[in-house]
Amino acid sequence: EVRLSRLRWAVLLLFSSYSLCNAFQWIQYGSINNIFMSFYDVSAFAIDWLSMSYMLIYIPLLFPVAWLLDKRGLRLIALVGSALNAVGAWVKLGSLRPHLFPVTVLGQVICGLAQVFILGMPSRIASVWFGSHEVSTACSIAVFGNQLGIAAGFLVPPVLIPNVEDVEKLAYHISIMFFMTAGVASALFILVIIVFKEKPPHPPSPAQALIQCRPTAEYSYVQSILRLLRNANFLLLMVTYGLNVGCFYALSTLLNRMVIQHYPGEEVNAGRIGLTIVLSGMVGALISGIWLDKTKTYKQTTLVVYIMSLVGMVVYTFTLSLGHLWVVFVTAGLLGFFMTGYLPLGFEFAAELTYPESEGTSSGLLNVSAQIFGIAFTIGQGQIIDHFGTKAGNLLLCSVLFLGTVMTAFIKADLRR
């Protein structure tokens with residue numbers, strides 16, 4: 001019997017919340033890169049690695065975690081992810097002295113481990129808990145939480161931690177942020193223990209009912225990955241998704257450095273520009289999710305959003321150095337609307353192209369692609385900015401998005417779900 005559960009919205013909201021907390025911890029150093037550089041007396045590259053550690057950890061651990069998700073289910077993955085997120089937040093509280101940079105690295109690595117148990121979940125939660133008429137919207141809301149965390153990571157640190165010379169004062173302000181994060185992460189872990197269930201009493205859609213009826217002996221995890229890697233349309237999507245999201249990761253990590261270079265002393269506004277990118281992207285993600293549920297035009301929507309991401313990146317590149325902050329806010333908002341709005345589109349298009357394979361596996365492969373390109377683009381753009389300036393660094397991302405747009409045009413809309 002196909003029936004929707006009332007608990008589905010609580011499960012979705014809880015997942016979005018601890019995903020938010022984890023994403024906040026990803027970007028909390030990068031959004032005030034210059035302040036943490038002076039506090040710990042390390043290079044900009046060392047602070048960039050606090051962000052890139054998330055990407056690096058994800059790559060080798062995707063397959064073990066995706067296997068665990070298929071064998072042990074959603075609840076265990078949710079418990080481990082939210083627990084690691086809380087532990088990492090508490091470890092960072094032990095790094096409130098300039099010589100304790102390795103402790104903050106350890107805390108960030110633990111949070112990076114938590115992210116492996118979070119990033120591939122949105123499409124799986126959407127399909128296990130939600131009906132076919134709301135599955136894309138649910139996936140968008142699940143991704144939405146992660147984006148809201150990045151938005152908070154841009155907004156909150158510059159407000160809580162002013163750029164002061166006094167090390168004791170700086171340590172005090174940093175401790176407030178770390179304490180707040182640890183408290184929220186711990187409360188969310190407790191809520192996951194109480195509220196988060198494996199699956200609803202009844203399957204929410206015919207597609208899910210079919211999967212639940214299939215004998216477990218029929219399913220081979222290795223065979224599933226091999227089938228995905230033989231699916232030409234999925235492989236194309238995997239590369240194009242990696243190019244787009246890798247650009248977003250590089251842009252987020254290096255944003256503070258780019259804005260401060262053209263507008264010295266504007267740490268708070270650099271954070272607000274990051275916030276603008278993510279908030280407009282969340283609106284884009286929600287609109288694209290609702291649009292997909294109504295129209296099922298996956299290929300066309302993905303291509304249009306990709307083209308507009310490229311246009312947004314070109315406009316942002318040539319307006320950053322004009323000397324008007326309000327222009328940067330407008331162009332960053334346009335860029336974010338499409339570039340961040342693309343995230344749930346990729347997940348849902350992959351689920352359509354690869355049904356009945358596990359959504360956790362297809363999402364995980366997309367994320368691995370994004371992390372690999374994210375590390376490459378962050379290092380590459382960082383080096384280009386240091387040697388040739390911000391415009392040259394941003395032109396690298398423009399050329400990458402152009403390549404991704406051309407490749408997206410070759411994906412066939414083979415919708416199986």
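When residues in segment 227-248 are screened for being surrounded by 24 or more Cβ atoms within 10 Å (Cβ to Cβ) and either among the basic types (Lys, Arg) or within 18 Å of Gln28 (Cβ to Cβ) (or both), 1 of them pass.
Residues are listed down the side, and each one gets a yes or a no for (1) of a type outside the set (D, E, K, R); (2) farther than 17 Å from Gly149 by Cα:
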residue	(1), (2)
Phe248	yes, no
Val259	yes, yes
Gly265	yes, yes
Asn269	yes, yes
Arg272	no, no
Thr276	yes, no
Ala285	yes, no
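Every condition in (1) more than 24 Å from Pro203 (Cα to Cα); (2) of a type in the set (A, V, I, L, M, F, W, C); (3) not in a helix (DSSP H, G or I) holds for Leu119 except the one numbered (1). Does Phe45 meet the test of being in contact (Cβ under 8 Å) with a residue 12 or more places away in the chain, among the aromatic types (Phe, Trp, Tyr), over 25 Å from Trp129 (Cβ atoms) and surrounded by fewer than 17 Cβ atoms within 10 Å (Cβ to Cβ)? When the stated conditions are applied, Phe45 passes them. Cβ-Cβ contacts under 8 Å between residues 6 or more apart (or on different chains), taken from a first residue in segment 116-135 that is in contact (Cβ under 8 Å) with a residue 24 or more places away in the chain to a second residue that is of a type in the set (Gly, Ala, Ser) and part of a loop (DSSP other than H, G, I, E, B), are listed as Arg124/Ser358; Ser127/Ser205; Trp129/Ser5; Phe130/Ser205; Gly131/Ser205; Ser132/Ser205; Val135/Ser205.
Does Phe179 satisfy being open to solvent by 30 Å² or more (accessible area, probe 1.4 Å) and not assigned by the TED database to the domain that holds Leu322? Spelling it out, Phe179 is indeed open to solvent by 30 Å² or more (accessible area, probe 1.4 Å) and not assigned by the TED database to the domain that holds Leu322.
Looking at segment 281-298, can you tell me whether even one residue there is assigned by the TED database to the domain that holds Ser82 and among the basic types (Lys, Arg)? No, segment 281-298 contains no residue that is assigned by the TED database to the domain that holds Ser82 and among the basic types (Lys, Arg).
Only one of the numbered conditions (1) hydrophobic (A, V, I, L, M, F, W, C); (2) buried (at least 21 other Cβ atoms within 10 Å of the Cβ); (3) modelled with pLDDT under 85 is not met by Ile277, and that is (3).
Pick from Arg97, Arg124, Arg75: which is within 17 Å of the chain's Cα centre (by Cα) and open to solvent by 10 Å² or more (accessible area, probe 1.4 Å)?
The unique qualifying residue is Arg124.
Taken over segment 293-307, residues that are at pLDDT below 85 and surrounded by 21 or more Cβ atoms within 10 Å (Cβ to Cβ) amount to 1.
The values are calculated or read from the model by the stated rules, or taken from the named source; none is laboratory data. Bear in mind that the values here come from a model prediction, so they are computed numbers and not experimental data. Cβ sites come from the backbone with ideal geometry, for glycine too, and all protein chains shown count toward neighbours. Each accessible area value is taken on the protein alone, full model and side chains, heavy atoms only, with ligands, DNA and RNA left out. Shrake-Rupley method; radii C 1.70, N 1.55, O 1.52, S 1.80 Å.
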